[in-house]
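Note sheet for the following structure.
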Amino acid sequence: MTSNCQASSTWTSRGRHPGVRRAGPLPAVALALALVGAVPGAARAADLPVLTVQPAAHAGWFVYEGVVQAVRRADLAAQVPGSVLELNVRAGDAVRAGQVLLRIDARAAEQAAAASGAQVAAAQAQLDVATRELARKRDLAAKKYISQGALEQAESQYRAAQAQVRALTAQAGAARTQTAFHMVRAPFDGVVAVVGVERGDMAMPGRPLISLYDPAALRVVAHVPASVLAGAVPAAQVRLADRDAPLAPVRVQVLPMVDERSLTQEVRADLPAATAAAPGQFARLALQGAGDGAAGGARIFVPASAVVRRAEVTAVYVLGAQRRPQLRQVRLGPVQGDAVEVLAGLDAGESLITDVAAATRAAAGQP
């Protein structure tokens with residue numbers, strides 16, 4: 001947040017300075033602007049505006065771009081295949097936990113459950129017969145009218161009937177559970193973010209149907225260079241795009257993992273419960289003192305307009321041998337107003353060309 005920053009830089013110019021406007025104070029920037037003389041070759045007729053880059057230290061607030069995320073989000077998918085018969089919600093609807101959001105055709109599953117129930121009833125009838133037969137055989141065995149083998153056979157038939165009932169009862173329970181899979185319910189109170197199906201579509205297992213999020217649990221996520229965090233959890237402020245005043249997060253968390261490509265760590269700032277925001281919304285995360293590098297807080301900033309972006313390459317033009325423009329690949333950090341931090345690829349004292357168009361023409365040998 002540029003309004004909270006303490007340091008500023010002064011840009012001074014000598015001679016003609018095309019394409020560079022006089023800017024106001026920039027946070028954490030100390031850059032001295034000087035124009036070089038005529039460039040040999042095709043660029044003799046025009047002086048190139050050049051910045052002599054100097055490091056600067058700053059102990060105020062450093063701003064990083066972020067995005068609003070939902071702490072609780074669910075992508076609901078079908079567990080069984082079938083045609084969507086009912087669709088009870090639309091994107092933006094508020095739902096309650098347990099509410100039926102859609103129904104899938106469950107006629108086949110219901111018929112299977114009914115068949116399993118009938119099998120349980122038949123097995124139970126066989127168990128009743130086996131129970132009465134066992135009781136009769138025990139009475140006869142007590143009076144020595146039948147052999148011990150006959151009694152043991154009756155007991156075996158009784159145990160088999162019991163096992164059959166238990167097995168079919170479990171099978172019937174699984175069939176009833178299967179019918180419940182044809183209803184998709186809300187797992188928590190929330191808001192419908194996305195409805196990815198229409199009535200009559202075929203729902204397949206694993207295919208997302210409806211996305212929900214909890215509007216009472218939101219956070220801002222930003223990726224901050226690991227070198228400026230140094231394992232600490234700094235004080236933070238959050239500024240949303242539709243709010244003028246910053247918000248104080250209820251909790252700030254720095255994830256321990258460092259991304260191997262960008263060398264950044266994810267910082268999560270939980271928003272107050274009453275904050276009106278939506279997942280995916282742009283936000284800025286300001287961290288106090290999260291920018292004082294290992295070298296006494298020295299950092300290098302350049303004007304954002306001097307950065308060249310071509311496909312996946314991010315670079316700047318510097319004056320090389322024989323005072324000719326050379327394209328130098330750099331790795332950028334956070335943006336501070338009209339300036340952007342250079343994390344790697346540019347050293348203090350080097351001459352940075354601020355007019356990208358003029359530098360491109362000069363590098364190509366065009367007037």
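Each reported figure results from applying straightforward, stated rules to the coordinates on display, with no laboratory input. On a predicted model such as this, the values are computed, not experimentally measured, just so you know. Reconstructed Cβ throughout: ideal geometry from the backbone, glycine too, with neighbour counts over all protein chains shown.
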GluC sites (Glu not before Pro) lying in DSSP loop within the range 183-280, provided at most 13 other Cβ fall within 10 Å: E198, E260
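Trypsin sites (Lys or Arg not before Pro), restricted to the range 239-268: which are DSSP loop and have at most 12 other Cβ atoms within 10 Å? Please report the intermediate quantities before stating the final value.
Details: sites: R239, R243, R251, R261, R268; in loops: R243, R261.
Those satisfying the criteria are R261.
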DSSP-assigned coil residues among trypsin sites (Lys or Arg not before Pro) in the range 91-121, each with at most 11 further Cβ atoms within 10 Å: R96
Spin-label pair E86/R107, simplified geometry with 7 Å Cα→Cβ offset, distance in nm: 1.7 nm
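What is the calculated FRET efficiency for D139 to A163, with r their C-beta to C-beta distance and R₀ = 30 Å, to the nearest 0.05? The partial results should precede the final answer.
Values: r = 24 Å, r/R0 = 0.81.
Rounded to the nearest 0.05, the efficiency is 0.75.
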Inter-site label distance for D75 and R207 at 7 Å from Cα along Cβ, in nm: 1.5 nm
V100-Q126 pseudo-label distance in nm [points 7 Å out on the Cα-to-Cβ vector]: 3.5 nm
Ascending count of other beta-carbon atoms within 10 Å, so fewest first, for I104, I353: I104, I353
